[in-house]
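Please treat every number below as a calculation from the coordinates, not as lab data. Values in this document were obtained by computation on a predicted structure and should not be read as measured data. Cβ coordinates were reconstructed from backbone atoms using ideal geometry, including for glycine residues, and neighbour counts include every protein chain displayed.
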Amino acid sequence: MEPEQLKFILEELRFSADLPPNVIQSIAEVACVRHLRQGAYVFREGLENRDLFLVRSGRIALEMNVPGRGPVRILTVGSGEMIGWSALLGAGKMTASALVVEVAELVVSPAEKLQQECEASSEFGFHLMRQMADALSRRLVATRLQLLDLFAESDERSAMDSLGEER
């Protein structure tokens, strides 16, 4: 796909909403589009990933393997969301798996090329990292809410167990 077509696709995404045109263009020049079927993995927990992914369409479940329970879904992301951000930081192995739960179209950018652009242009680096920080902030809020739900369920089960013991 030509960079101009990719630029148009990137401009549609929430991730790119606050990015200047020259930053979007730089991403478009190194990115490609990948289509994945339901049930495919974008990346797997414990393995290396060298790409940053922006979801254009579809839904991706982020799952962690919990000993004794198997894969546990921690979050589902959709259009405009970023996954695989740790590749930008050179963070080695993935801490979760990304499973396609609804046919997906992804904009894929090699993290190494984005890192090089960050080093070459402080403007590019600032804007890209600001978007990444915003995405991580939203992810932390979602995780916090999920943890609150888990603790509420745990407290509810404990209360029910206590009631059962009192009878």
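Give the calculated FRET efficiency between Arg144 and Ala120 to the nearest 0.05, with a Förster radius of 45 Å applied to their Cβ-Cβ distance.
Efficiency at R0 = 45 Å is approximately 0.80.
So how far, in whole Å, is the C-alpha centre of region 83-120 from the one of region 1-70?
Here the answer is 7 Å between Cα centres.
Report the relative contact order of the chain, percent, no decimals, based on alpha-carbon pairs under 8 angstrom and at least 6 residues apart.
Answer for the chain is 26 percent.
If you place +1 on the Cβ of every Lys and Arg, -1 on the Cβ of every Asp and Glu, and leave all else neutral, what size is the dipole of the chain about its Cα centre, to the nearest 20 Debye?
The dipole of the chain has a size of about 280 debye.
Size of the chain along its principal axes in angstrom, Cα-based, largest extent first?
Per principal axis, max minus min of the Cα coordinates gives 70, 31, 28 Å.
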